[in-house]
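S.K.: Please find one structure pasted underneath; my questions will follow.
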Amino acid sequence: MKLEVIKQRSLWWTISAAVILAGIVAMLINWQQIKSPLRPSLDFVGGTRLQLELDCTKPNNCDRVIDPAVVRTVMETQGLAGSSIQVVGNEERALSIRTSTLDVDQRTQLLAALTEKIGTFTTSQIDSVGATLGRQIFTSGLLALLISFAGIMGYLSLRFQFDYAVFAIVALLHDVLITIGMFAIFGLLFGIEVDSLFIVALLTIVGFSVNDTVVIYDRIRETIQIDGDRSIDETIDLAVNQTLARSINTTLTTLFPLTAIFLLGGETLKYFALALIIGFIAGAYSSIFIASTSLAWWRGRSEKSANRVEISEG
């Protein structure tokens, strides 16, 4: 069965546009609520994060789940009304709190107040990050992303042609926007935050996606060299179909371990794996349906312009 990529490019572009638009809307809503397109974790904004879990060795301590409303009331009495509160775990007996920077005495007072209202907790993790360090992490991550785009642009311009490089970058922006947009939606629906590992995930997605695109572009160039009489639409359709199985197999074999990490890897790696899963799927999609069809549209448009010029000169 031959996949008609070019013939249905309007469909592929519409699907991508719809997903990206939904993400942009979610980012705008987040901006209105928290003055940020994504929900930033402690890594970016600074403060203190406490990971607490009910001590089930105490009698009757785990008879009921944690009520977020009660936790929020306790935080307000401690002067921490703007804190982020999330009940975690399948049995809802663990608590993740992100708040302004607390010293040892303030943490002790907060834990005592929570113990009085909810039950005895064990502290599994306490993190403190300064706001200055958070800004440095964000700036460094953004700079690394921009440098990677510039490097890829230069490499593809030298290896192929400039228009190849431009549409490869368009495909990479597509993947990054979809990943960011999905996390904006997840932040609205589930309170999911992004941390420094999210920047690492975006860089990894860029590298993975451009590899798939290069494979398709290589096949397009080879097909043009072997049979230059074909139209650009026929050439790209043929190249995509010849590399389709490889692209799908590569993506699937990568998604299997990532899914295992997402399900079994614990809280630290869970959302890092989720970002990679979304980005790799978007990367495979963009390589097949965005980078190739955009190049075909541009080359077809350029050929028509050149033909019109020749006719007018003739």
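Just so it is clear, none of the values below were taken in a lab; they were calculated from the coordinates. Owing to the predicted nature of the structure, the values given are computational and were not obtained by experimental measurement. Neighbour counts run over all protein chains shown; Cβ positions are idealised from the backbone, glycine included.
S.K.: Using a ≥ b ≥ c from the Cα gyration tensor of region 150-197 (square roots of the eigenvalues), is it rounded, prolate or oblate, where a/c under 1.5 gives rounded and otherwise the larger of a/b and b/c decides, a/b for prolate?
M.R.: Note, shape of region 150-197 comes out prolate.
S.K.: Given the chain, report the % of alpha carbon pairs whose separation exceeds 25 Å.
M.R.: 59
S.K.: Looking at region 47-129, what % of the alpha carbon pairs are farther apart than 19 Å?
M.R.: Beyond 19 Å sits 28 percent of the P(r) for region 47-129.
S.K.: Rounding to the nearest 10 and keeping the result within 0 to 90°, find how far the Cα-based axis of helix 104-117 lies from the longest principal axis of the chain.
M.R.: 80
S.K.: Next up: If contacts are Cα pairs under 8 angstrom and at least 6 residues apart, what is the relative contact order of the chain in percent?
M.R.: Dividing the mean separation by the residue count of the chain yields 23 percent.
S.K.: Along the Cα→Cβ direction, 7 angstrom out, place labels at Arg301 and Ile248. What is the inter-label distance in nm?
M.R.: 3.1
S.K.: Just order 109-116, 176-183, 261-268 by mean Cβ neighbour count inside 10 Å, highest at the front, would you?
M.R.: The peptides rank, most packed first, as 176-183, 109-116, 261-268.
S.K.: Quick check: the distance between the Cα centres of region 41-70 and region 108-122, to the nearest angstrom?
M.R.: Going from one Cα centre to the other spans 9 Å.
S.K.: Here is a further query. Taking H as built 1.01 Å from N, whose amide H comes closer than 5 Å to the amide H of Phe121, not counting residues under 5 places away?
M.R.: Counting only residues 5 or more places away or on other chains, the set is Asp55.
S.K.: Sticking with this one: As I understand it, the value is the acute angle between the Cα axis of helix 131-159 and the longest principal axis of the Cα atoms of the chain; what does it come to in degrees, rounded to 10?
M.R.: Taking the Cα atoms of the chain, the angle to 131-159 is about 10 degrees.
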